[in-house]
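Have a look at the structure below, then the notes.
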Amino acid sequence: MPINSPFVHAPTRRRPHPRWVTPLLVIACVACYLWLMLSAPEARYAVLARWGTVPARLFDPSQPLGAWPWLRLVTALFMHADWLHLLGNMLFLVIFGLPAERALGSRRFLTLFVLGGAFANLVGALTLAGALAPIVGCSGAVSAVVGAYLALFPRAHLGLVLPLGLYFQFMRVPAWLLIGMWVLLQLLFTWAGPGFGTVVWWAHIAGFGFGIAFAWLSRSAIARRLRNQA
């Protein structure tokens, strides 16, 4: 996957630092999902209700974690409803997260994931005020990563393998085209409303916008980081 950064184009002789945040986030999400699935249903639902983002109880001081209600915005990122939910998020996190982490640096990338995911959950909770079903999953955080990727690598291409009859065709597609289609789906699902299930589409859109803003606000720090590695 070629990387085209709009900030700095400088060759580097240093070996890049290992990207440890993206794999660690994947491991944490998978481990949490397996732990929940191996728990008794009653215990699982209790954990989701306590640590997930429940819009109706988010800022209720009488609830557990009442002193730090915002923690639920973060803990909800590591719990997923089912394996398809988990698989989709992990796939997008790996594809877009690894190059984004390399450009942002691991600590700044972790900040993007946590703050972007928390902001997305907050927006989702505000749009579902009064709902008792918990918001879980890192879809909002992954959306922030995708938004940051688009801002960092607007000219990048992604390789796709498409089935054509009995054969598979490898194609390189502009990343902005795939991301644009993804954004369009978010808007369509948001307009369609709850008929498409319990996915909090506004959280996806909020996370995506947060990621774009985060990348552009970080562009000076990214440029200095890349110059220091040259």
- Long-range amide H contacts for residue 158: which residues qualify at under 5 Å (H placed 1.01 Å from N, peptide plane, sequence gap of 5 or more or a different chain)? 173, 175
- What is the Cα coordinate range of region 15-122 on the first, second and third principal axes, sorted by size from largest, in whole angstrom? 50, 29, 17
- Item | Cα-based Rg / Dmax (Å) for region 74-143 | 12.7, 40
- Can you list the residues, at least 5 places off or on another chain, whose amide H is less than 5 Å from the amide H of residue 135, using H built in the peptide plane? 53, 54
- Message: Taking θ = phi - 60°, what integer Hz values does the Karplus form 6.51 cos²θ - 1.76 cosθ + 1.60 yield along region 122-134, in sequence order, with x for Gly and Pro?
- Response: 4, 4, x, 5, 5, 6, 10, 3, x, 6, 9, 6, x
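Magnitude of the Cβ-charge dipole of region 32-146, K/R +1 and D/E -1, about the Cα centre, nearest 20 debye?
Values: 7 positive and 4 negative charges, 50 e Å.
That gives region 32-146 a dipole magnitude of about 240 debye.
Quick note: the coordinates plus some simple rules give every number you see, no bench work behind them. None of these values were measured; they are calculated from a predicted model. No Cβ is skipped: glycine too gets one built from the backbone with ideal geometry, and neighbour counts run over all protein chains shown.
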